[in-house]
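This report concerns only the one structure given below.
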Amino acid sequence: MVAASVWSLLIPAIEQSGGMGKLSFIPAAAGFWAGVLFLLLLDHIIPHLHQQTDKAEGPKSNLQRTTMLVLAVTLHNIPEGMAVGVVYAGYLTGNAQITLMGALALSLGIAIQNFPEGAIISLPLRSEGMGKMKAFAGGVLSGIVEPVGAVLTIMAAGLIVPALPYLLSFAAGAMLYVVVEELIPEMSAGEHSNIGTIFFAVGFSLMMILDVALG
């Protein structure tokens, strides 16, 4: 997600604002902060629960633990769907900075990291006695916001062209918020280990390779 935010979202956003000269960073910076603040807002208004903790975030609720786990994953799937939709929308409108293979690389990278996200939901559901198929369905449904968000964004492609640099960087800001606020702390939870750091580097380099090789 970090590599995708940089290569597939922030860099194209800056390139598309090249006509602004030395101020071409403004759309990227503004969109980036809008994405961060948007996820911060959702984090405060949606009750959810992270792995390895029993303390829920957001407003108080009587939701079950598994339901709040699903909401946590669903919450950070929102920017991923937006990112894919914005990139494909840019390609469909003929934007020179966005290629079909570059959009495919972003989609593939996000799809790969969706497998462990689904497992985060399915395994706790299974451990609490839910059937295999229902637990699997729970993991799948937690990611349904991604294709829905992507399709809606693509359908609005003609409307978003003028704001494309802002939207690309908005998605990047939202994705990086999720990485720093949720994924990195969970990666480092418990006994100190370098495994999480190594696999972060593997994921980053894999996404970098996909973006450059396919883009």
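The values are calculated or read from the model by the stated rules, or taken from the named source; none is laboratory data. The shown structure was predicted, so the numbers you read here are calculated from the model rather than taken from an experiment. Positions of Cβ are backbone-derived with ideal geometry, glycine not excepted, and every protein chain shown enters the neighbour counts. Keep in mind that these areas ignore ligands, DNA and RNA; they rest on the heavy atoms of the full protein, side chains included. Shrake-Rupley method; radii C 1.70, N 1.55, O 1.52, S 1.80 Å.
What residue, of Leu123, Leu71, Leu63, is touching a strand residue (DSSP E or B) at 6+ places or on another chain (Cβ under 7 Å) and modelled with pLDDT under 75?
Selected residue: Leu71, the only one of Leu123, Leu71, Leu63 that is touching a strand residue (DSSP E or B) at 6+ places or on another chain (Cβ under 7 Å) and modelled with pLDDT under 75.
Within segment 1-45, restricting attention to residues that are without any contact (Cβ under 8 Å) to a residue 60 or more places away in the chain and of a type outside the set (A, V, I, L, M, F, W, C), which residue is least open to solvent (accessible area, probe 1.4 Å)?
My answer is Ser24.
Looking at segment 155-177, is at least one residue part of a helix (DSSP H, G or I), modelled with pLDDT under 80 and crowded, with 17+ Cβ neighbours inside 10 Å?
Looking through segment 155-177, at least one residue is part of a helix (DSSP H, G or I), modelled with pLDDT under 80 and crowded, with 17+ Cβ neighbours inside 10 Å.
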